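Notes to accompany the following structure.
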Number of protein chains: 2
Amino acid sequence: MGKVRVACFSISLDGYGAGPQQSLNNPLGVRGAELHQWVFPTKNFQEQVLGKTGGTTGLDNDFVIRGFENVGAWILGRNMFGPVRGPWKDDSWKGWWGDEPPYHVPVFVLTHHARAPIEMKGGTIFYFVTGGIEEALKKAKDAAGSKDVRIGGGVSTLRQYLEAGLIDEIHFAVAPVFLGGGENIFTGLDLNKLGYRSVGQVPSENVSHILVKKSK
Amino acid sequence: MGKVRVACFSISLDGYGAGPQQSLNNPLGVRGAELHQWVFPTKNFQEQVLGKTGGTTGLDNDFVIRGFENVGAWILGRNMFGPVRGPWKDDSWKGWWGDEPPYHVPVFVLTHHARAPIEMKGGTIFYFVTGGIEEALKKAKDAAGSKDVRIGGGVSTLRQYLEAGLIDEIHFAVAPVFLGGGENIFTGLDLNKLGYRSVGQVPSENVSHILVKKSK
């Protein structure tokens, strides 16, 4: 059976995984993009997410590649899927990623508002799950089979899965910036008590990659 | 004129600079010692703080050495000086560091309770300042002359000086552990808004050294 894992999850030095005031024009929140400066130039991001050629190779790119490897299904929070809040007004919003999202596998989106699945180009199918995090994880595991389930985020989704002790591995990328506001991953959450241990740190020029595992 | 700086200030991945429940037997709070694993083995710490020989050289040791260089005066919070709370019962407590503390310059201790200065071996003199952080800084600057003032900690003292915008440079050492409780350096503090910027990260095998400066 595969693992439940989080990868390439960028946070600031002061623990924020997104800036405040997420919006259509500012999907990562104010200054949130500063957390991801390490990932944007990488070859894998350029190719897999933007459909471009070129980009950097090396340590940071290796982490991006590893993040996508062996993933059989994804789980995303509603806010990571889009800026729409409350009931879906229509079916026009299909994620931030254009016609061919970079997932290429089933993606389960947590929401309080039911919606029919959307089949995208390249194998990505968005399913909307209204039954909560455990139901989403069950469906994602069924879809992933022997492969891993990757929890993409955002912060609120990650916190809920951490609190429930349902995540096996996390790869944080700690960016050398202070956000000072937004969504904090650590406030009020005792990762140590929940069984999570830092098992390694791999510094690159741009970020500090921190590897975390749940003790059995 | 010298700088006002913080050096070798160890924090956890989740932003704690000390564990909970500081006491005589647990001066760094529960699990607080885990933050400082990078510094204990270094040659400079072994020699200057413990009076021993041996120890590791290299990057971490270089940061410890640099932390002590050109320091003309220190400022410490009451809790960093000792576990005594409230009025001084007698003059018996003289810090955690034995007869010859590693400072070798004037050290200004913030407290609400007046006490006569204590002259220790090796040039350290502990002065007790009851007039608040600005008075302590003025006295420390006068004592330091052209040299730097180093603010040693703990967390509450550092937070007060940061909020007042009185610190020029900080060197954090981010240890790869989660404390989950204790004294948090970032909660409710917007370092970005206060003008602080990360200007570099230098990873060692043991910690991530983060260099921060206040923009003018």
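Summary of values
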| quantity | calculated |
| --- | --- |
| Leading residue by the ranking (surrounded by the fewest Cβ atoms within 10 Å (Cβ to Cβ)) among those in the stretch B:186-204 that are more than 7 Å from chain A (Cβ to nearest Cβ) and without any contact (Cβ under 8 Å) to a residue 12 or more places away in the chain | B:188 |
| Single residue of B:49, B:64 found to be out of contact with any strand residue (DSSP E or B) (no Cβ under 9 Å at 6 or more places or on another chain) and more than 26 Å from residue B:181 (Cβ to Cβ) | B:49 |
| Verdict on residue B:212 being closer than 22 Å to residue B:36 by Cβ and either away from chain A (no Cβ under 14 Å) or open to solvent by less than 10 Å² (accessible area, probe 1.4 Å) (or both) | yes |
| Candidate set from the stretch A:49-100 (those that are charged (D, E, K, R) and part of a helix (DSSP H, G or I)); member that is nearest to residue A:129 (Cα to Cα) | A:78 |
| Conditions (1) outside any helix (DSSP H, G or I); (2) over 29 Å from residue A:137 (Cβ atoms); (3) within 14 Å of chain B (Cβ to nearest Cβ); number of the one not met by residue A:40 | (3) |
| Residue in the stretch A:104-126 that is touching a residue at least 12 places away in the same chain (Cβ under 8 Å), over 30 Å from residue B:187 (Cβ atoms) and aromatic (Phe, Trp, Tyr) present | yes |
| Count - residues of the stretch A:84-105 that are of a type outside the set (Lys, Arg) and either touching a Pro at 6+ places or on another chain (Cβ under 9 Å) or on the phi > 0 side of the Ramachandran plot (or both) | 6 |
| Single match in B:158, B:162, B:166 (criterion: more than 14 Å from chain A (Cβ to nearest Cβ), of a type in the set (A, V, I, L, M), under 30 Å from residue B:203 (Cβ atoms) and not in a strand (DSSP E or B)) | B:166 |
| Residue check, residue B:130 closer than 25 Å to residue B:41 by Cβ, in contact with a strand residue (DSSP E or B) (Cβ under 9 Å, 6 or more places away or on another chain) and either open to solvent by less than 20 Å² (accessible area, probe 1.4 Å) or β-branched (Val, Ile, Thr) (or both) | no |
| Selection from the stretch A:169-179 of residues that are in a loop (DSSP other than H, G, I, E, B) and either open to solvent by 20 Å² or more (accessible area, probe 1.4 Å) or out of contact with any Leu (no Cβ under 6 Å at 6 or more places or on another chain) (or both) | A:176, A:177, A:179 |
| Residue in the stretch A:140-154 that is more than 14 Å from chain B (Cβ to nearest Cβ), without any contact (Cβ under 8 Å) to a residue 60 or more places away in the chain and farther than 21 Å from residue B:174 by Cα present | yes |
| In the stretch B:104-155, the residues that are part of a helix (DSSP H, G or I) and in contact with a Phe, Trp or Tyr (Cβ under 7 Å, 6 or more places away or on another chain) | B:133, B:136, B:139, B:140 |
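The values are calculated or read from the model by the stated rules, or taken from the named source; none is laboratory data. Quick caveat: nothing in here was measured; it's all calculated off a predicted structure. Please note: Cβ atoms are built from the backbone with ideal geometry, for glycine as well, and neighbour counts cover all protein chains shown. Heavy atoms of the whole protein, side chains included, go into the accessibility calculation; ligands, DNA and RNA do not. Shrake-Rupley method; radii C 1.70, N 1.55, O 1.52, S 1.80 Å.
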